[in-house]
1. Being within 24 Å of ASP165 (Cβ to Cβ) and surrounded by 15 or more Cβ atoms within 10 Å (Cβ to Cβ), is that true of even one residue in segment 206-220?
2. Scan segment 134-158 for residues that are under 21 Å from MET221 (Cβ atoms) and either without any contact (Cβ under 8 Å) to a residue 24 or more places away in the chain or in a helix (DSSP H, G or I) (or both) and jot them down.
3. Just to be sure before I move on: is ILE224 farther than 20 Å from THR272 by Cα, free of Cβ contacts under 8 Å to residues at least 40 places away in the same chain, in the same structural domain as LEU319 (by TED's automatic domain parsing) and in contact with a Ser or Thr (Cβ under 9 Å, 6 or more places away or on another chain) in the structure I sent?
4. Taking LEU312, is it assigned by TED's automatic domain parsing to the domain that holds TRP242 and under 23 Å from the mean Cα position of the chain (by Cα)?
5. Just checking, which of GLY255, GLY182 is crowded, with 19+ Cβ neighbours inside 10 Å and over 19 Å from LYS308 (Cα atoms)?
6. Any idea which of (1) of a type outside the set (Lys, Arg); (2) in contact with a Gly (Cβ under 7 Å, 6 or more places away or on another chain); (3) outside any loop (DSSP other than H, G, I, E, B) is the one LEU167 doesn't satisfy?
Amino acid sequence: MCRALESFYRETESKEKYFFKDVIIKVFNSVIDCTNILLEQKIDKQKKIEEYANKIRDYRNDFTHANHPWETRNLKCLDILDLTEKITIIMTCAILRHLGFRREKIKQLMDNTRLYPKYKNYNKENEENIGHNFDFNLICEYFAGLERQGPGSPESTIKALSFIDNLTKESKILDLGCGTGGQTIILAKNTNGNITGVDHFPGFIDIFNSNAKKLNLQDRMEGIVCSMDNLPFNNDEFDLIWSEGAIANIGFEKGLNYWKGFLKKNGYIAVTYESWFTNKRPAEIEKWWLNAVPETSTIGQNILIMQKAGYLPVAAFTLPENCWLKNYFISQKARQEEFLKKYAGNKTIEDLIGFMRHEEELYSKYKRYYGYVFYIGKRI
């Protein structure tokens, strides 16, 4: 890919017009060819994971090490190559992820592939900026102190449960993106089955299990640290899969398809997901949500996606305004003031709280156009 872009630069630097379309098509056809070659290789993931990862890394190094750019190209070409580097890293990570490599392993391998001093400096600066804006430890601490980590209510959880008729004391329930367990506790109090909560953040799971113990629910409710797109469970293991406000992290369609493998035949899935209430909406809110959740669609489109994924749509209903206002935005007010005092001058906290307040303003202004919708489906 790097060679193709360099060729593009050499061929066009003396011309008045840049034929972007044709060149970009050639570049991405080259990427697709290389990706297909890599994916066709048959490997034993357990025995050859290191060997295969090295092959991926060597492939990437060969492409990005061609014609040392920092001494031979001007700034315009460097900008192109900088973009190429980022795309190549993303592509490599995507291939590794597709083949079953865990995120932690991919990060470990990719940390060793910064080839040029300028990239090292760039990445160092970039990582500092990312850390500045996305200090996940602070963000987790902020949300861990809230009863809920997203819009919702006990009433909405119970209403969604009313559409599910297959649960007994032997049932197994999976709550994905459980957070600290606000909705999981409601599930446990209104069902007799065993519930496993899954969240990527250890701090949330610690509180989840502590709350279960305080309520004497630890025998039926357990939280584990795990990624919702790399689950350690058996096929056809669960009678019900639940997820409030979390499926957007991996995509509505992808989540429905992937999670279905862990659901028993005739088992149920119940998720809340950001959805448009209208076919047309103001540009400001559409741009904001498409940036946050690019797949955001209308309720009708999402029901079709659920049906296409192999579920019988059972019910869909919108979450009322109090799920956003009282249970999410207003419940954060005291927490925001506490954190602004505790971490005075900390840009991560200032940016986070500024973001949350802006989201509240947008919701108050545009709530008639969007919101969370509970989708309940039955695997067929």
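The values are calculated or read from the model by the stated rules, or taken from the named source; none is laboratory data. Quick caveat, the model's predicted, so the values are computed rather than measured. Every residue, glycine as well, gets a Cβ built from its backbone with ideal geometry; the counts of neighbours run over all protein chains shown.
1. For segment 206-220, residues within 24 Å of ASP165 (Cβ to Cβ) and surrounded by 15 or more Cβ atoms within 10 Å (Cβ to Cβ): present.
2. CYS140, PHE143, ALA144, PRO154, GLU155, SER156, THR157, ILE158 - these are the residues of segment 134-158 that are under 21 Å from MET221 (Cβ atoms) and either without any contact (Cβ under 8 Å) to a residue 24 or more places away in the chain or in a helix (DSSP H, G or I) (or both).
3. In short, yes.
4. It is false that LEU312 is assigned by TED's automatic domain parsing to the domain that holds TRP242 and under 23 Å from the mean Cα position of the chain (by Cα).
5. GLY182
6. Among (1) of a type outside the set (Lys, Arg); (2) in contact with a Gly (Cβ under 7 Å, 6 or more places away or on another chain); (3) outside any loop (DSSP other than H, G, I, E, B), LEU167 violates only (3).
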